[in-house]
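Quick notes on the structure that follows.
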Amino acid sequence: MEQSDILRNLRIEQLTPMQESAQDAYQSDKDLVLLSPTGSGKTLAFLLPLVQSLKAEIQGVQAVVLVPSRELALQIETVFKSMGTPFKAMSCYGGRPAMEEHRTMRGVNPAVIIGTPGRMNDHLRKRNFDTRFVTVLVIDEFDKCLEFGFHDEMAEVIGQLPALKKRVLLSATDAEEIPQFAGVGGEASGNAASSSRVIKLNFLSEEAVSERLNLQKVISPEKDKLETLYRLLCTLGDHSTLVFVNYRESVERVVSYLKSKKFPCDAFHGGMEQDDRERALYKFRNGSCPVLVSTDLAARGLDIPGIDNVVHYHIPVNEEAFTHRNGRTARWEARGSSFILLHAEERLPDYIPEDIPVFGLPEQTPKPAKPRWTTLYIGKGKKDKLNKVDIVGFLYKKGGLVREDVGQVDVKEHYAFVAVRRGKVKQLLTLLRGEKIKGMKTLIEEAR
């Protein structure tokens, strides 16, 4: 399949210089380390040359992609499928039955498996797929594998892939060292000893990001910063805002407080059920929930375009976390703002400049802005032969909506989400009561 066909399927006119450099470097027999900011297109930078290196005559897994979160696994799988190649890919991660994934492996016969280390080890120990033809290993967000907990799992996965010929490591921050177990550059450990076997591409440019990122601090008169956060979010209006806290319990506490003040927001953290996390992300992406409160889980790997603001409710645990959080906004050539909430006794860590300006909150706090969109849940999906065209046509014909009333449509296996203009929802649900979509009776309601 020609590269031009893949780019046409992805609706991309041309590759960025970073993606072109990665493609050239991939052709070498050396390992590749690619450093590039969040949102710069690293996924396509490794998928495009990877797909072009796959062999049609091999029936089995040829590449393994390791990622730190299920969201990143799903994102990479989506991009792969959108490329429209004859090869198959699948993601695997915790939170759903491994047996179900094994059935999918047997039925789909994927050339590429994308997964989290724990679940990948589970499949490898059970020999659920043949590793004889796995010649390529990609580790996305490889700096994460240096953190406690991932190290041993990563090493175990790599130890079970004996036929590896190429390793590709990607990150949005420059780790001080490449983990020895990754085997990059051959058997030698450390960057210096193995540098002749590694191509390192560094596209990190702090100056370019800092020019587009408006970094400010917000002073809270109270040690408990909840009221100050509420006032800040009301001041920011309906602009897309990601609020970061350091603990799952804090996510729940902040969301509970904001909702008690009638502020529209959702929670996102690793302790939530996968369906709830997907729903929260979808509502945030389509604009029906302007504020997402999250742990650092949302700082990496999520494809959420157009985030206007990042708020650090808690000071991040280290500089890497600060970089990844801020990387959610001011992406590509866009501008964005980052706010650090501080009470009087808090001090900024060394990696954050002391002289950043103070953002002054207005004396009169505006009322919470109502989102322009509402998300509808439809209880049928791809397994029921339902697609986007069916849904949009149904809403136009039976619901009396026009093009401007319908936003993002996302069809899952067993259900679908669609963004609808908030002002049209009541009338729409009345008109749709008892109506069948594509001849099927189904539940249609506001997504909770």
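The values are calculated or read from the model by the stated rules, or taken from the named source; none is laboratory data. Because the structure is a prediction, the values reported are computed rather than measured. Cβ coordinates were reconstructed from backbone atoms using ideal geometry, including for glycine residues, and neighbour counts include every protein chain displayed.
Brief remarks follow.
- I356 falls short of the stated requirement of being among the aliphatic types (A, V, I, L, M) and within 30 Å of V411 (Cα to Cα).
- Only residues that are under 31 Å from the mean Cα position of the chain (by Cα), exposed (fewer than 15 other Cβ atoms within 10 Å of the Cβ) and part of a loop (DSSP other than H, G, I, E, B) were counted in region 428-446, giving 1.
- Filter result (among the polar types (S, T, N, Q) and either surrounded by 14 or more Cβ atoms within 10 Å (Cβ to Cβ) or touching an Asp or Glu at 6+ places or on another chain (Cβ under 8 Å) (or both)) within region 10-19: T16, Q19
- Of all residues in region 213-252, those that are free of Cβ contacts under 8 Å to residues at least 12 places away in the same chain and closer than 21 Å to A299 by Cα total 1.
- Some residue of region 372-392 being within 23 Å of R231 (Cα to Cα) and not hydroxyl-bearing (S, T, Y): yes
- With a requirement of 3 or more residues that are surrounded by 14 or more Cβ atoms within 10 Å (Cβ to Cβ) and among the small types (G, A, S), the strands (runs of 3 or more DSSP E) lying completely within region 257-369 that satisfy it span 336-343.
- Here N9 fulfils each of the conditions (1) assigned to a helix (DSSP H, G or I); (2) at pLDDT below 90; (3) not small (G, A, S) apart from (2).
- Subset tally (residues that are part of a helix (DSSP H, G or I) and either farther than 26 Å from A172 by Cα or at pLDDT 95 or above (or both)) for region 89-118: 11
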